[in-house]
Amino acid sequence: MDSRVAHVEADMAEVKLSLGRLEAAMSEMLNLGQKIDVRLTRLEDRAQKQSEDIAEIKGRMSSLPTAEAFGELKGRLVNVPHW
């Protein structure tokens, strides 16, 4: 009977050790998940900023004269008398 109790106690000690390792691994995974979440948030913020910058650039580009309009302007400037 004592040997059975000793085996059960040894098994329980091994289970507790395994549970401790699992808890440590889960804690590490949670920390890693939090770090990934922070990085993803930063990445999303950067992507949003780039999207805003692109929209601003598109707005500026749309206000520029077209190639045809620029060609007409250039033609008119060539015909302006030089002093």
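Quick note: the coordinates plus some simple rules give every number you see, no bench work behind them. Everything numeric in this text was worked out from a predicted model, so none of it was measured. Cβ coordinates were reconstructed from backbone atoms using ideal geometry, including for glycine residues, and neighbour counts include every protein chain displayed.
Answer with yes or no whether residue 68 is surrounded by 10 or more Cβ atoms within 10 Å (Cβ to Cβ) and out of contact with any Leu (no Cβ under 9 Å at 6 or more places or on another chain). Criteria not met by residue 68. Could you tell me whether the range 19-29 includes any residue that is among the polar types (S, T, N, Q) and surrounded by 10 or more Cβ atoms within 10 Å (Cβ to Cβ)? Looking through the range 19-29, at least one residue is among the polar types (S, T, N, Q) and surrounded by 10 or more Cβ atoms within 10 Å (Cβ to Cβ).
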